Amino acid sequence: MLTHWETLEHQAMQKQWSYAQFLLALCEIEVERRWSQRLKRALNEAQFPSAKTLSTFDWSHLDGFNPAPLMQLATDSGWLKRAENCLIFGPSGVGKTHLACAVARAIVELGLRAKFFAATTLVQTLQQAKRQLLLPNTLKKLDRYDLLIIDDLGYVKKSEAETSVLFELIAHRYERKSLLVTANQPFSQWNAIFADDMMTVAAVDRLVHHALIVELQADSYRKRSADKRSQTRDTSQNTHSEPITQNPDLIHTDNCRDN
């Protein structure tokens with residue numbers, strides 16, 4: 001307010017604002033400043049790998065996909081209050097991480113807190129906490145986040161030490177806080193993630209009980225982009241390359257010289 005009041009006073013006098021209008025304009029500037037600062041802190045805390053949004057996602061490479069359910073998650077935070085989950089499945093390169101971060105960013109802009117973790121990094125953090133007998137405290141600290149993003153769950157190695165802490169996290173947040181999970185493998189292949197069948201069934205049961213399940217079927221976006229660049233490069237090379245022809249006069253001259 002100290003920064004802007006003089007400029008705003010000049011504007012108020014020109015437009016003949018009332019005192020109430022002048023005060024309202026000052027307060028709106030302050031509210032906007034505080035919101036911007038809070039959003040910046042929240043995004044730094046969330047540690048999204050990049051500034052992904054739903055508006056920058058290329059929906060055209062997902063033929064027949066209906067984005068409405070994901071859009072609903074991004075605009076209505078009610079699912080977080082109900083401790084519901086979102087599970088995004090699909091092969092590598094189809095945009096799972098982009099969509100997960102985009103939904104989470106929208107949630108942060110609604111005033112809630114989110115935290116992004118690569119699955120392997122999260123498991124290592126939980127393992128270390130367990131070795132130090134601090135796992136319960138660590139799980140409680142993660143409760144401060146309305147949404148946890150666990151990216152690329154399938155890359156977690158199948159071992160009891162790793163998957164047990166991951167299961168404890170899933171069980172701890174069940175019906176208390178929300179998870180957004182991305183994975184390459186369908187549920188039928190999650191035996192490769194968890195140490196035994198019973199743990200797999202228990203983890204899946206807790207995740208899907210209150211969840212939106214999204215399946216992405218498409219070619220790798222990165223592969224398609226690479227193919228397009230390759231085609232463009234090949235076309236450019238073909239356009240600029242000209243066949244090398246020999247000048248008949250030069251051939252005749254050279255032949256005469258040789259003779």
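Here is a yes/no grid of residues against (1) assigned to a helix (DSSP H, G or I); (2) outside the structural domain of ILE107 (by TED's automatic domain parsing); (3) over 17 Å from LEU80 (Cβ atoms); (4) not basic (Lys, Arg):
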residue: THR163; (1), (2), (3), (4): yes, no, yes, yes
residue: LEU166; (1), (2), (3), (4): yes, no, yes, yes
residue: ALA171; (1), (2), (3), (4): yes, no, yes, yes
residue: LEU180; (1), (2), (3), (4): no, no, no, yes
residue: SER188; (1), (2), (3), (4): yes, no, yes, yes
residue: ALA195; (1), (2), (3), (4): no, no, yes, yes
residue: THR200; (1), (2), (3), (4): yes, no, yes, yes
Of GLU45, GLU28, the only residue that is out of contact with any strand residue (DSSP E or B) (no Cβ under 8 Å at 6 or more places or on another chain) and outside any strand (DSSP E or B) is GLU28
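Looking only at the range 9-30, how many residues end up being acidic (Asp, Glu) and exposed (fewer than 12 other Cβ atoms within 10 Å of the Cβ)? Walk me through how you get there before you give the answer.
First, the residues of the range 9-30 that are acidic (Asp, Glu): 9, 28, 30.
Applying the additional criterion that residues be exposed (fewer than 12 other Cβ atoms within 10 Å of the Cβ) yields 28.
Qualifying residue count, the range 9-30: 1.
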Answer yes if at least one residue in the range 95-115 is touching a strand residue (DSSP E or B) at 6+ places or on another chain (Cβ under 6 Å), outside any helix (DSSP H, G or I) and modelled with pLDDT of 95 or more, and no otherwise.
yes
Of the listed residues (ASP219, ASP227), the one being surrounded by fewer than 17 Cβ atoms within 10 Å (Cβ to Cβ), part of a loop (DSSP other than H, G, I, E, B) and modelled with pLDDT under 80 is ASP219
Here the qualifying pairs (Cβ atoms under 7 Å; residues six or more apart or on different chains; first in the range 70-83 and in the same structural domain as GLY111 (by TED's automatic domain parsing); second exposed (fewer than 14 other Cβ atoms within 10 Å of the Cβ) and of a type in the set (Lys, Arg)) come out as ALA83/ARG176
From the option list GLU175, GLU168, single residue qualifying as farther than 17 Å from ALA46 by Cα and without any contact (Cβ under 8 Å) to a residue 60 or more places away in the chain is GLU168
Scanning the range 31-69 for residues that are surrounded by 13 or more Cβ atoms within 10 Å (Cβ to Cβ) and charged (D, E, K, R) gives ARG33, GLU45, LYS52
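Hey, any hits in the range 112-132 for a residue that's small (Gly, Ala, Ser), surrounded by fewer than 17 Cβ atoms within 10 Å (Cβ to Cβ) and either touching a residue at least 60 places away in the same chain (Cβ under 8 Å) or more than 28 Å from GLN189 (Cβ to Cβ) (or both)? Write out each step before concluding.
Taking the range 112-132 and keeping what is small (Gly, Ala, Ser), we get 114, 118-119, 129.
Checking which are surrounded by fewer than 17 Cβ atoms within 10 Å (Cβ to Cβ) leaves us with none.
No, the range 112-132 has no match at all.
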Practice task
Considering every residue within the range 30-43, establish whether at least one is more than 17 Å from the chain's Cα centre (by Cα) and among the hydrophobic types (A, V, I, L, M, F, W, C).
Solution key: yes
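Test HIS209 against the stated conditions and say whether it is buried (at least 16 other Cβ atoms within 10 Å of the Cβ), within 24 Å of the chain's Cα centre (by Cα) and at pLDDT 95 or above.
On the way: buried (at least 16 other Cβ atoms within 10 Å of the Cβ): no; within 24 Å of the chain's Cα centre (by Cα): yes; at pLDDT 95 or above: yes.
No, not satisfied.
The values are calculated or read from the model by the stated rules, or taken from the named source; none is laboratory data. Worth saying up front: this structure is predicted, and the values here are computed from it rather than measured. Quick reminder, even Gly has a Cβ in these numbers, built from the backbone with ideal geometry, and neighbours come from all protein chains shown.
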